[in-house]
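Structure first, commentary second.
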Amino acid sequence: MRRLVWLSVLLVGFLATAPASADVVIYRFAKVIDGTGNVLDARDIAVNGGRIKAVGNNLDKSVSGQVVMMEGLTALPGLIDAHTHITYGLSHYPDGNAWEALGKIERADRYEAAKVNALKTLQTGVTSVRDLNADGRLDFDLKAAINAGEVPGPRIYTSGPGIHPFNDPLPDGTETATAEFLAEAAAKRVAMGADWIKIFGTTGSASDLTSRAYYSAEAIAAAADAAIKAGKRITVHTYGPEAVDAAIAAGVTSIDHPVGMSAAQIKAMASAGIIYVPTIDHNRYYAQHGSEYSYGADIQAGLRVFVGRNIETTRLAHATGVMIAMGSDAVLSGFGENTCELKAFVAAGMSTAEAIQTATVNGAKLLGEDANLGRLQPGFEADFVALSGDPLSDINAITDGVTVVMKAGSLVVDHRADPAQINKPNCGALY
Ligand SMILES: [Zn+2]
C-alpha cells in the first residue's frame, strides 16, 4: 500500500509539472556543478523545449521567463547509469529465490515491474541508462513507452538479449561458436533494433564469480565487426581478465566488470579509447540482499571478497588513466541503489569530482552522446539533478540528497515540499 501511494504521488508530479514547450523557465540554484566536476560561475539554468537555453547568473535580466527557485539546492547534470537490467523486476521481494521467481513471472507483470524500476531509477537522479540484456522485447517496449511520454523513466539505450550460449544455442553437432555464428548473432540484434550489441565473453553473474571464456577472440571480433558496420556500439562482459584481450582486439566501446586486469591490459584499453565499467557495487548488493536470493553466509562472504578485488582493479585502472563509467548492474530490488557505485569509486581513490565525471561526461562519451548529455551547457538536453548537499565535499549528497530531477525539460521528481520522500538507499558498510 505504501508503495502504491508513493507511486501515485510520483505520477501526479510527473504529469502536472511538465511546462509547455514554448515557455522558458529559469531554475535558480545555490550552486551549479557541471559534469566535469567544476563549479560554474552560474546559478541559473534556463530551459526551453526540453533543451538548456542558457546557463549563467541573473538570466531573468536577459531572458524572459518564469523563475523557479531551487532554494539551497546544488545542480548536477542528469546522471547516466551505463549498466542496468531494468526489465528484471518483480512486484515484491520475499525471502527465497528471486531468480526462480523472475523465471516464472508473466510478461505483462514483468513489464509492470520494469516500469517501477524505471521510476526508482529517476529517483536516484539517473536520467539515462544503458540496459544490457533483456528478453521478449521488454526493453524496446519500455523505451518506446518512455519516449512517447506514456511512462516516466530514464532514456534507455537497449541491447535486446545479450549474445550468450543460453540465448544463442549452438547448432546440433557443434561445440564452439564460429566467427560466422557470432557475426550472425550480432546481425540478429541489429535487425531487432538494438542500440548496443552485448557479448557475454565469459561466465560470471550473481553468485557465480567465475570467468571462463565462452567465445574465441576470432568469434568476438567477427561479432564486433558486424556491429560496427551497422553503426552499433559493442560491450563485452568479462568477470576476470579472460576476455579482455579479445575485446580490445575487437575494437569494442566498453568492457564491463573485470577484476584482476593487468597493468598492460589497462594501458592497452586506455590507448584504444575503451571505457571500463567496473560494476563494483552489484556484488555488495547481492551479499546484502542474500536472503532474497537464498545466498548463504559463504556465498555472501565470497561476494564481499570479490568487491574488494573489484575496488583494487578500479584503483589501478584509475591510476593508469583509463576512462571509467558508472554502471550499477542493478537488478530486481537493486533499483533505487544505482548510485551507490559512486561511493565505491571514491573508496577506489577517485576524488568526488572524478566520481561525478563517471556518471556524467564519461557516461555520455560511452553512449556517443557527449554533445547532448552529461553537461549543463546551452543546447544540451535539459537533464539536471538538484541535490540537498554538496557532492564535492561528500559523495553521499548524490546517493541521499536527490530532491528534484529534470529530464528533457520536465520535472520528473520533485520532493521540495516533502523532503521525507527523498530516496536514501542503504549502500551498506563496505565503503
Ligand atoms: Zn549486468
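With all protein chains in place and a 1.4 Å probe, the accessible surface of the chain carries 53 percent carbon and sulfur.
For the stretch 341-348, the Karplus equation 6.51 cos²θ - 1.76 cosθ + 1.60, evaluated at θ = phi - 60°, returns couplings of 3, 5, 5, 5, 5, 5, 5, 8 Hz by residue, with Gly and Pro reported as x. Using a Gaussian network model of the chain in which every pair of alpha carbons under 10 angstrom is joined by a spring, one finds that among R309, R375, R155 the greatest mean-square fluctuation is at R309.
Under a Cβ-Cβ cut-off of 13 Å, what is the net charge of the residues other than L102 that fall near it, where Lys and Arg count +1 and Asp and Glu count -1? Here the count lands on -2.
What you get for the stretch 175-265, charging only the Cβ of Lys and Arg (+1) and of Asp and Glu (-1), is a dipole of about 320 debye around the Cα centre. Secondary-structure-derived ellipticity at 222 nm for the chain, considering helices only, amounts to -11000 deg cm²/dmol, per-run term -39500 (n - 2.57) for DSSP H runs with n ≥ 4. Rolling a 1.4 Å probe across the protein heavy atoms gives the stretch 46-204 an accessible surface of 40 Å² per residue. Among Q288, L119, T203, which residue has its Cα positioned farthest towards the positive end of the charge dipole of the stretch 79-367, with +1 placed on the Cβ of Lys and Arg, -1 on the Cβ of Asp and Glu, and the dipole taken about the Cα centre? The residue sitting most towards the positive pole is L119.
Put simply, the amide H of R130, placed in the peptide plane, has neighbours under 5 Å in D81, A82, H83, T84, Y157, leaving out anything fewer than 5 places away on its chain.
Just to confirm the number: angle between the C-alpha axis of helix 2-16 and the first principal axis of the chain, 0 to 90 degrees, nearest 10? For 2-16 against the chain, the angle is about 60 degrees.
Rounded to the nearest 10 degrees, the inclination of helix 297-320 to the longest alpha-carbon principal axis of the chain is 70 degrees. Put simply, the amide H of R51, placed in the peptide plane, has neighbours under 5 Å in A382, leaving out anything fewer than 5 places away on its chain. Backbone geometry of the stretch 242-251 corresponds, through the Karplus equation with coefficients 6.51, -1.76 and 1.60 at θ = phi - 60°, to 3J(HN,Hα) couplings of 4, 9, 5, 4, 5, 5, 5, 4, 7, x Hz, x marking Gly and Pro. For every other residue with a beta carbon closer than 15 angstrom to the beta carbon of C340, add +1 if it is Lys or Arg and -1 if Asp or Glu, then tell me the sum. Net local charge, C340 excluded: -2.
Below 8 Å between Cα atoms, with a sequence gap of 6+, how large is the relative contact order for the chain in percent? It comes to 20 percent, rounded to a whole number. Annotation: peptides 110-119, 78-87, ranked by per-residue average of other Cβ atoms within 10 Å with the highest first, follow the order 78-87, 110-119. When peptides 283-290, 164-171, 271-278 are sorted by average Cβ neighbour count within 10 Å, with the highest value leading, the order is 283-290, 271-278, 164-171. Electrostatic tally near E180: other residues with Cβ closer than 14 Å to its Cβ, Lys and Arg +1, Asp and Glu -1, net -3. Considering the stretch 79-367 at the alpha-carbon level, its Rg and Dmax are found to be 17.7, 53 Å.
For V67, the amide hydrogen comes within under 5 Å of the amide hydrogens of I26, counting only partners 5 or more places away or on other chains and with H modelled in the peptide plane. Dipole of the chain computed with +1 at Lys/Arg Cβ and -1 at Asp/Glu Cβ about the Cα centre; of A364, A30, G321, farthest Cα towards the positive end is A30.
In a reduced charge model with +1 at each Lys and Arg Cβ and -1 at each Asp and Glu Cβ, the chain shows a dipole moment near 740 debye about its Cα centre. Phi angles of the stretch 113-120 translate, via the Karplus equation with coefficients 6.51, -1.76, 1.60 and θ = phi - 60°, into HN-Hα couplings of 5, 5, 5, 5, 4, 5, 5, 4 Hz per residue; Gly and Pro are given as x.
Bridgeable lysines around K104 (alpha carbons under 25 Å apart, same-chain partners fewer than 8 residues away excluded): K115, K120, K143, K198. From zero up to wherever the largest Cα-Cα distance of the stretch 194-335 sits, split into 10 Å bins and tell me the percent of pairs in each. Taking every Cα pair in the stretch 194-335, the percentages come to 12, 42, 33, 12, 1. Only one residue of C340, A221, P258 has its Cα farthest out toward the positive end of the dipole of the stretch 220-342, where Lys and Arg carry +1 and Asp and Glu -1 on Cβ, and that residue is A221.
Using a Gaussian network model of the chain in which every pair of alpha carbons under 10 angstrom is joined by a spring, one finds that among D245, D139, D172 the greatest mean-square fluctuation is at D172. Note on the stretch 265-377: Cα-Cα pairs beyond 24 Å make up 28% of the total pair count. Between 0 and 90 degrees, the angle of helix 263-272 with respect to the longest Cα principal axis of the chain falls at about 60 degrees.
What whole number of Å gives the distance from the Cα centroid of the stretch 242-301 to the Cα centroid of the stretch 162-180? Result: 23 Å between the Cα centres.
The values are calculated or read from the model by the stated rules, or taken from the named source; none is laboratory data. Note that the structure is predicted; figures quoted are calculated from it, not measured. Backbone-built Cβ (ideal geometry, glycine too); neighbour counts: all protein chains shown. All accessible areas refer to the heavy atoms of the entire protein, side chains included, with ligands and DNA or RNA removed. Shrake-Rupley method; radii C 1.70, N 1.55, O 1.52, S 1.80 Å.
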